[in-house]
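Computed from the coordinates by the stated procedures, all read-outs in this text should not be read as laboratory data. Source: prediction; values computed, not measured. Glycine gets a Cβ as well: all are built from the backbone with ideal geometry, and neighbour counts include every protein chain shown.
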Amino acid sequence: MNVRDSGAGRAGGDAHAEAAERAARRDEAVRGAVEQGLLGPDAPIVGLLDVVGIRDSAAALRAAFDAVVAPGTPVLHAFAVKATPLVPVLRLLGEAGIGAEVASPGELALARAAGVAPERTVLDSPAKTAAELREALALGIAVNADSPQELARLDGLVGTTRTDSPLGIRVNPQIGGGAIEALSTATATSKFGVALQDEGAREWVVRAFAERPWLTRLHAHSGSQGVPLSLMARGVAETYALAEEINRHAGRRQIDTIDIGGGLHVNFGSDITTPTYAQYARLLAEAVPGLFDGRYGLVTEFGRSLLAKHGTVVARVEYTKSAGGRAVAVTHAGVQVAVRTVYAPASWPLRIGAYDAKGRPKEGPQVVQDVAGPACFAGDLLAEGRALPLLEQGDYAAALDTGAYYFAHHYAYNSLARPGVYGYAPGADGGIRFAVVREPQTVEEIVAESGGGRPDALTEL
């Protein structure tokens, strides 16, 4: 198989140029948000999304795999909605040729609201209810059964329901975990999929396909943050080998599509995008060439790697102080938008950008300081002991690379309001344009969500 030049995933100076362009857009967006009143004393925290960057990531993903698959191969890149569950984001990705991978009724509703077609949607979840499965089958959405019990439930539904849904089984190749145990999905005891190395499991999977001609897909997801590319490729290779075994046993090409999941990790240490989709696709083409020779359709489910680099949380410094000889900047961004970083800082460190009161990148000598959030516990820190230009009252601290799993995953500690989210792009006049993605949450909405309409519900019992 010839691996064509993808043109995706810039190398060397081009990668640095791409990173510099993205950083420059971000700086313009922060300044523009202050100038246009989206960020300030009365709006002390916002989420910003780089529309140009998101489109570039989608194009890079498609180009990377187009370069290694045989011409005419059906390929679906389905964005893992859990990474950034915002309808305008899903619509933007949809227009860029990316579908949706959903794992709950809420995520499916978001994908449908964004206009993602059923045939470009994949349902994965370890706890699908009968109602969820019925809805997916009625719509023609692809479903990957996560366990023998779920497959038994599908048996009953398929026997009574006409459906165009592609159906498959999720397997766990049990290849081991990465640096972050909680996110490793292919360990010996992972809750996901059928554990292939358990006694009798592989034989059960082969037999399950032989007994059900309507099963046509095989799915595995072995990647995530902290998992090296080599281990991800090994998981894909194990899944491909199983598909080949199943098809040999069936005497025909029963499995016609392999879903390789996603999980490409993100470099949180700089603006450089590494690893790239092109690097991963080339590695897979070398490690599993048969996957791309045209006999199998392909599904991917990338999430974090598509959005992380293109989102920024920006928060106003409300107060500064000193504690134990260390400077502390108290901001409006903490655990409510960065729960992973606050509770597991060693696994999820974030870069912090310092901006002055006008939204301009701050200069000056580096000072070791803490960047604290507003929540009422001591560990609510975006960064601890970080060397930055000294943040002062009225300045802004920006948590970088937060376009996935951050401001769209609000944690309602202290009933802190969800920040507004705005997309940005360069304007024709050279300035920056913004679009509202999600309005800031109001205190009235917080009260309503907290039973405000039923104040006597308990006293009347």
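Side notes on the structure shown:
- Cross-link reach list, lysines versus LYS82, counting only Cα pairs under 30 Å and skipping chain neighbours closer than eight places: LYS128, LYS191, LYS309
- Dipole in debye (nearest 20) - the chain, about Cα centre, beta carbon charges: Lys, Arg +1; Asp, Glu -1: 520
- Whole-angstrom gap from the range 350-371 to the range 32-111, using each part's C-alpha centre: 28
- Mean Cα-pair separation over length for the chain, i.e. relative contact order, pairs under 8 Å, 6 or more apart, %: 18
- HN-Hα J in Hz across the range 282-298 - Karplus 6.51, -1.76, 1.60, θ = phi - 60°, x for Gly and Pro: 5, 4, 5, 4, 7, 7, 9, x, x, 5, 10, 8, x, 7, 10, x, 10
- The phi-based Karplus calculation (6.51 cos²θ - 1.76 cosθ + 1.60; θ = phi - 60°) puts the 3J(HN,Hα) values of the range 201-218 at 5, 4, 4, 5, 4, 4, 5, 4, 5, 4, 8, 9, x, 7, 7, 10, 10, 10 Hz, whole numbers, x for Gly and Pro.
- Distant-in-sequence amide contacts of GLN441, defined by a placed amide H-H separation under 5 Å and a gap of 5 or more residues or a different chain, comprise ARG418, GLY420.
- Normalised by the number of residues in the range 372-444, the average gap of Cα pairs under 8 Å and 6 or more apart makes the relative contact order 21 percent.
- For PHE79, distant residues with modelled amide H under 5 Å away: GLY99, ALA100, GLU101
- Lys/Arg +1, Asp/Glu -1 at C-beta; the chain dipole; positive extreme among VAL122, GLY200, GLY451: GLY200
- To the nearest ten degrees, helix 148-158 and the longest principal axis of the Cα atoms of the chain are 70 degrees apart.
- With Cα atoms, 0 to 90° folded angle of helix 229-250 axis to the chain main axis: 20
- Karplus-derived 3J(HN,Hα) values for the range 431-446, using 6.51 cos²θ - 1.76 cosθ + 1.60 with θ = phi - 60°, are x, 10, 10, 10, 9, 6, 9, 8, 5, x, 6, 9, 5, 5, 5, 4 Hz; glycine and proline are entered as x.
- Against the chain, whose longest principal axis comes from its Cα atoms, helix 13-35 is set at around 50 degrees.
- A Cα-only calculation for the range 52-308 places Rg and Dmax at 17.1, 53 Å.
- Every pair of different Cα atoms in the range 309-449 enters the Kirkwood calculation, which places the hydrodynamic radius at 15.7 Å.
- If you take all other residues with their beta carbon under 11 Å from the beta carbon of ASP155, and give Lys and Arg +1 and Asp and Glu -1, the sum is 0.
- Only helices enter the 222 nm calculation for the chain: every DSSP H run of n ≥ 4 contributes -39,500 (n - 2.57), and dividing by all residues gives -9000 deg cm²/dmol, rounded to 500.
- The alpha carbons of the range 374-431 stretch over 46, 29, 21 Å along the principal axes, in descending order.
- Angstrom value of the Kirkwood radius, inverse mean 1/r, which spans all Cα pairs in the chain: 23.5
- The distance between label points at SER322 and ALA357 comes to 2.1 nm (points 7 Å beyond Cα on the Cα→Cβ vector).
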